[in-house]
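Each remark here refers to the structure printed beneath this line.
The values are calculated or read from the model by the stated rules, or taken from the named source; none is laboratory data. Only a predicted model underlies this, so the values are computations on that prediction, with no experimental measurement involved. Don't worry about glycine lacking a Cβ; one is built from the backbone with ideal geometry, like all the others, and counts go over all protein chains shown.
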Amino acid sequence: MHISRTSIDAHNETLYATHKRRFEYIASDIAHVEDIISRLIAFNVAIPSWALGTGGTRFGRFPGPGEPGSLEEKMEDVGLLHALNRSSGAISLHIPWDIPEDYTGIRAKAAELGLVFDAVNSNTFQDQKHQALSYKFGSLQHVDRAVRKQAIEHNIDVIRHGEALGSKALTVWLSDGSCFPGQLNFRRAFQHTLESLEEIYAALPGNWKMFVEYKAFEPNFYSMTVGDWGQSLLYTTKLGPKAYTLVDLGHHLPNANIEQIVALLLMERKLAGFHFNDSKYGDDDLTVGSIRPYQLFLIFNELVEGMDHWGMDHASSLGWMIDASHNVKDPLEDLLQSVEAIMIAYAQALLVDRKKLEEAQSANDVASAQEILQDAFRTDVRSIVAEARLRIGGALEPLHLFRKLEVRSALTNERGRFSVATGL
Ligand SMILES: [Mn+2]
């Protein structure tokens, strides 16, 4: 399946008059609209290879038709998203679900689709076939040095795969922890984990980063050994300048002030980047912006403020990735919606009048500060995001075009009804 330039142009042509009217109306009110557009054009969100198939829950999985059955097909799916929105030009691989065999072929395919390889992800949260030792009681934290060593070697192996593909970061998410009081000695678990991470860190190529992702609970329900941003920051500070703390929006306790966490991690120059998703209860992995769009905006508001404070490039200084899992929607439709929600929140954050906000903050003018933020959030920026997409060859309405071109049926015809994506 390939989406041609002609079909995108034809789609855009039918919608252009309406788009132009909407865009000009909003643009006439925003003095720096061109700056916003160029920033949106530069901004890309990586797609994780595991989000291209249905994820399932512990109660069951309902695979959809035409799921990508190989790494090459997963790349093709991301290529389709990128062709439609021009903002999904990176893929994040998960080892061992996506072990590349033909590096040259894979790299050539990525180049053909306009994709780069984002952070590579290791997996010591489940046992693989033919694995000598089990991770049932943890991996990098394990009481047995032999298990820790096996997990360290796996992570180093993941770095080698990533290096061969041009990745520049390793993301480590550990399910390590305990389910019952007394099960773990917290200090020893931390120290083992730190020592293990140090060995992996030592194997990082010079220009690589290590992202240490935290999660409050699940699959362990009493303690997690990298349970929150404070614990992650302890590890990454002790590890050194190439280690950063990764924020996954779904990995907090309910009602955590994620925007404040982001601001402080940026203050310390220790923010790695993001795993975007949305949730109502826990790590729900729902579509970005579907439940709490205002929170997403407030996070982007802090990101823009903090990155500008340090003079960081918005598009390239941090890692931007979606981390979600779809059970009822077509994964590709869901990802189009997620990327759109991210671009909208980013555009709204770029609208915030920072000078006025600072004045309001300095004067303790609480009502004005709130007005300034909500004024940006309540602005309908969808046509600005669409304009940015249009200028780089994307579709004005990616989801509509996806349906009109019957992409899923085409993929089903190519791959079959019962092709199941590797992964969870
Ligand atoms: Mn994540």
Note to self: Any residue that is polar (S, T, N, Q) and either modelled with pLDDT under 95 or within 16 Å of the ligand (Cβ to nearest atom) (or both) - is there at least one of those in the stretch 356-376?
What the structure shows: no
Check: How do the pairs read when you match residues in the stretch 314-334 that are closer than 17 Å to ARG39 by Cα and of a type outside the set (A, V, I, L, M) with residues anywhere that are more than 16 Å from the ligand (Cβ to nearest atom) and part of a strand (DSSP E or B), using Cβ under 6 Å and keeping only pairs 6 or more apart or on different chains?
Finding: none
Next item on the list: For ASP283, state whether it is within 15 Å of the chain's Cα centre (by Cα) and surrounded by fewer than 23 Cβ atoms within 10 Å (Cβ to Cβ).
Entry: yes
Check: Quick one: how many residues across the stretch 266-280 are over 17 Å from LEU296 (Cβ atoms) and surrounded by fewer than 23 Cβ atoms within 10 Å (Cβ to Cβ)?
Finding: 4
Notebook entry, point to check: Given LEU303, LEU318, which one is at pLDDT 95 or above, within 16 Å of the ligand (Cβ to nearest atom) and of a type outside the set (S, T, N, Q)?
Noted result: LEU318
Next item on the list: Determine, yes or no, whether ILE152 is in contact with a strand residue (DSSP E or B) (Cβ under 7 Å, 6 or more places away or on another chain), crowded, with 20+ Cβ neighbours inside 10 Å and not in a loop (DSSP other than H, G, I, E, B).
Entry: no
Check: What are the pairs, 6+ residues apart or on separate chains, where a residue within the stretch 251-263 that is modelled with pLDDT of 95 or more has its Cβ under 6 Å from a residue that is charged (D, E, K, R)?
Finding: HIS251/LYS215; GLU259/GLU302; VAL262/GLU302; ALA263/GLU302
Check: Can you tell which of HIS130, HIS142 is over 26 Å from the mean Cα position of the chain (by Cα) and in contact (Cβ under 8 Å) with a residue 40 or more places away in the chain?
Finding: HIS142
Next item on the list: Just need a number here: residues in the stretch 293-335 that are assigned to a strand (DSSP E or B) and either in contact with a helix residue (DSSP H, G or I) (Cβ under 7 Å, 6 or more places away or on another chain) or not small (Gly, Ala, Ser) (or both).
Entry: 4
Check: Among ALA110, ALA119, which is the only one that is of a type in the set (A, V, I, L, M, F, W, C) and either closer than 16 Å to ALA169 by Cα or in contact (Cβ under 8 Å) with a residue 60 or more places away in the chain (or both)?
Finding: ALA119
Check: Which condition breaks for SER338 when tested against (1) farther than 24 Å from GLY60 by Cα; (2) of a type in the set (Gly, Ala, Ser); (3) in contact (Cβ under 8 Å) with a residue 40 or more places away in the chain?
Finding: (1)
Notebook entry, point to check: Taking the stated definitions as given, is PHE125 within 26 Å of PRO181 (Cα to Cα) and under 20 Å from the mean Cα position of the chain (by Cα)?
Noted result: yes
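Let's see how each residue does on (1) crowded, with 20+ Cβ neighbours inside 10 Å; (2) more than 30 Å from PRO65 (Cβ to Cβ); (3) touching a residue at least 40 places away in the same chain (Cβ under 8 Å):
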position	(1), (2), (3)
ASN364	no, yes, no
GLN370	no, yes, no
ARG378	no, yes, no
VAL381	yes, yes, yes
ILE384	yes, yes, yes
LEU399	no, no, yes
GLU406	no, no, no
THR412	no, no, yes
SER419	no, no, yes
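Name the residue, out of ALA203, ALA243, that is of a type in the set (A, V, I, L, M), in contact (Cβ under 8 Å) with a residue 24 or more places away in the chain and buried (at least 22 other Cβ atoms within 10 Å of the Cβ).
ALA243
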Checklist line | Counted residues, the stretch 331-364 - those being under 21 Å from PRO293 (Cα atoms) and acidic (Asp, Glu) | finding: 4
